[in-house]
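Written below as structure tokens is the structure these notes are about.
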Amino acid sequence: MHWKPLGWGLLAGTLALGACDSGTALGPSNQLEVANNPDNFSIQATSLDNVSQTLTYTWEMSGTIANVNQSGTLSGGAGTLTITDDAGTEVYTNSLGQTGTFQTSAGAPGSWTIRITLNGMSGVLNVRVQKP
């Protein structure tokens with residue numbers, strides 16, 4: 001897969017930042033890369049050090065089930081990946097500390113929401129969500 005970094009101006013249009021009491025936000029040193037394509041979403045960020053932030057993306061999904069690959073590392077804090085389908089039903093939630101390939105529950109095709117919640121997380125963020 002070819003990673004294409006997005007400029008911060010473009011990223012602001014698809015990224016919702018949550019305010020938190022502690023921790024830092026993602027910055028240029030984290031090399032955030034997002035690929036948000038129909039039926040294929042991926043995100044990675046490196047060198048996270050006590051990052052507290054919520055990232056929310058709308059992702060177009062033509063299927064009803066997605067494969068989720070979590071291959072980052074969690075060396076401190078916590079992180080959660082939550083996915084909801086077009087009807088707003090939660091089809092997946094898991095700690096970013098869990099690595100491997102998982103599958104969502106069946107959901108309604110259309111605009112799915114991918115929410116990544118980082119709470120003082122240190123490590124590497126690496127997630128891919130794809131239509132099988």
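The values are calculated or read from the model by the stated rules, or taken from the named source; none is laboratory data. This structure is a prediction, so every number in the text was calculated from the model and none was measured. All Cβ positions, glycine included, derive from the backbone under ideal geometry; neighbour counts span all protein chains shown. Just so you know, the surface numbers come from the protein's heavy atoms only, side chains and all, with ligands and any DNA or RNA stripped out. Shrake-Rupley method; radii C 1.70, N 1.55, O 1.52, S 1.80 Å.
Conditions (1) at pLDDT 90 or above; (2) over 20 Å from TRP112 (Cβ atoms), marked per residue:
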site: HIS2; (1), (2): no, yes
site: PRO5; (1), (2): no, yes
site: GLY9; (1), (2): no, yes
site: THR14; (1), (2): no, no
site: CYS20; (1), (2): no, yes
site: LEU26; (1), (2): yes, yes
site: GLN31; (1), (2): yes, yes
site: ALA35; (1), (2): yes, no
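Somewhere in segment 108-117, is a residue open to solvent by 70 Å² or more (accessible area, probe 1.4 Å) and under 10 Å from the mean Cα position of the chain (by Cα)?
Yes, because at least one residue in segment 108-117 is open to solvent by 70 Å² or more (accessible area, probe 1.4 Å) and under 10 Å from the mean Cα position of the chain (by Cα).
Can you tell me how many residues in segment 31-54 are without any contact (Cβ under 8 Å) to a residue 40 or more places away in the chain and of a type outside the set (D, E, K, R)?
Looking only at that region, the number is 7.
Those residues that are part of a loop (DSSP other than H, G, I, E, B) and in contact with a strand residue (DSSP E or B) (Cβ under 8 Å, 6 or more places away or on another chain), I need them from segment 89-132; list them, please.
LEU96, GLY97, GLN98, THR99, THR104, SER105, ALA106, GLY107, PRO109, LYS131, PRO132 - these are the residues of segment 89-132 that are part of a loop (DSSP other than H, G, I, E, B) and in contact with a strand residue (DSSP E or B) (Cβ under 8 Å, 6 or more places away or on another chain).
Examine segment 55-67 for a residue that is in contact (Cβ under 8 Å) with a residue 40 or more places away in the chain, open to solvent by less than 40 Å² (accessible area, probe 1.4 Å), in a strand (DSSP E or B) and touching a helix residue (DSSP H, G or I) at 6+ places or on another chain (Cβ under 7 Å), and state whether such a residue exists.
Yes, some residue in segment 55-67 is in contact (Cβ under 8 Å) with a residue 40 or more places away in the chain, open to solvent by less than 40 Å² (accessible area, probe 1.4 Å), in a strand (DSSP E or B) and touching a helix residue (DSSP H, G or I) at 6+ places or on another chain (Cβ under 7 Å).
Given the criteria closer than 12 Å to LEU118 by Cα and at pLDDT 95 or above, does GLN53 qualify?
yes
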